[in-house]
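Below: one structure, written as C-alpha cells.
The values are calculated or read from the model by the stated rules, or taken from the named source; none is laboratory data. The structure displayed is predicted, hence computed values, not measured ones. Because the Cβ atoms are built from the backbone with ideal geometry, glycine has one as well, and the counts that use them run over all protein chains shown. For accessibility, only protein heavy atoms count, side chains too; no ligands or nucleic acids. Shrake-Rupley method; radii C 1.70, N 1.55, O 1.52, S 1.80 Å.
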Amino acid sequence: MSEAGTARASDGKGAGRRRGRRGEQLMVPRAEFASYYGRPIIKAPSWAPQDIAGYFFLGGLAGAGSVLAAGAQLTGRPTTASAMKLSSLAAVSLSAAALVHDLGRPGRFANMLRVFKPTSPMSVGSWLLAVYGPAAGAAALTSVTGRLPRAGAAATAGAALLGPAVASYTAVLAADTAVPAWHGAHRELPYLFAASATAAAAGMALVVGPSHENTPARCAAPLAALAEAAATRCARRRLGMVAETYEEGRAGALLKAAEVLSAVGALAGALAGHRRPVAVASGVALLAGSVCTRFGIFAAGVASAEDPRYTVVPQRAGLDAAP
C-alpha cells in the first residue's frame, strides 16, 4: 500500500529495505509502517453498527428459522412451525428495515434490483431478500389463516430452500470488502454465520414453541454452538496477528460473551429443555449469544480497518513468503 502509507524506522535510523527475493542480506532494520498523519490506510466501514450488525443477526434468524419451521411442519409440530414462520417474517421485515435505514431511503434498495450481477454479493443478496421475503410472508399468512394449505406448503418449502443462503450471504458480503478481519476469514465466515443463525433459530424455537415439540431445537442448539466455536477458532488461526481484533477491546468482550451464552444456552436446553422455564431461559441465552457474535464480528472488522498494522503487516508477510 505504498500509495497510502509512509515508512518510518522504528529505531530512528531511516527506512528499511525489504529483503530481496534472491537472498541478499538486509542492511538496515525493517521499517514499521504507518499511514499519513496517523490516518487508516483503508476506510473503516461507515455502516451504523445497530443497522448492519442487526441486519446480519436478523437475516440469519429469519433464514435459519424458515428451515426449522419447515422441519417442524414435516414432523407434526404445528405450533412450533406456525410460531417460527411468524418469527421469520418478523425478522426478515426488521432486517430489511435496518438495511433501508442504513441506505438512507427505500429507493436505494429498489435500485439494487434493476440488475442482477452474480459476481456481486450485494446484488445477489438484494435479490435473495426480494424473493425470500414474500415466500416467508406467504408461509406465515397461510399458517395463521389456515387458508390455501397447498400454497402455504409451497411457500414454506421455498422459504426453507432459500433460508440457508439468506442466513449466510451477509458473511460473503462482509468478506468481499478490504476489511482485514473479514476478508482474511473469507473461508470460515459463512460457516460461522450459518452456525450462529442456527443457534439463534433454535433459541427462538425454544422460546416460542411448546415443550413437547422442542426436541429438534434442543438437539440443534449444541451442534450449532460447537460449529460456531470451531469456525471461530479456525478463522483466528487463519488470520494470524489480525486475530487480535477478535480477542481484544469491544469485539473481544462481545465474542467472549457470545461463547459463554451459546454454551450455557445449548447445554441447559439439551439437559433440561423439557421444562418450560429452562427452555425459555436457554432460548434467550442462545439468541443473546448470536447477537453478541454478529456485533462482535462487526466491531472486529472496524478495529482492523482503523489500525494500519492489520493492513500492511499481513501483506508484507505474503510478499516475503512469495517464491
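Here the contact order of segment 49-305, divided by its residue count and restricted to Cα pairs under 8 Å and six or more residues apart, works out to 22 percent. Computed about the Cα centre, the dipole magnitude for segment 49-305 is approximately 460 debye when only Lys and Arg (+1) and Asp and Glu (-1) carry charge, each at its Cβ.
Counting only heavy atoms of the protein chains and using a 1.4 Å probe, H101 has close to 130 Å² of accessible surface. Taking all protein chains as they are arranged and a probe of 1.4 Å, the heavy atoms of L103 leave approximately 40 Å² accessible to solvent. Computed over segment 137-267, the quotient of the alpha carbon radius of gyration and 2.2 N^0.38 Å is 1.25. Largest accessible area first, the residues D307, D51 order themselves as D307, D51 under a 1.4 Å probe with ligands, DNA and RNA left out.
Computed over protein heavy atoms with a 1.4 angstrom probe, the accessible surface ordering of V115, V92, largest first, is V115, V92. Surface exposure of segment 49-305, expressed per residue as accessible area with a 1.4 Å probe, stands at 42 Å². W127 exposes around 90 Å² of accessible area when a 1.4 Å probe is run over every protein chain in place.
Accessible surface ranking for V260, V280, 1.4 angstrom probe, highest first: V260, V280. Over segment 116-247, Cα pairs under 8 Å with separation of 6+ residues give a relative contact order of 20 percent. Other residues lying with their Cβ under 15 Å from the Cβ of C292 contribute a combined charge of 0, Lys and Arg counting +1, Asp and Glu -1.
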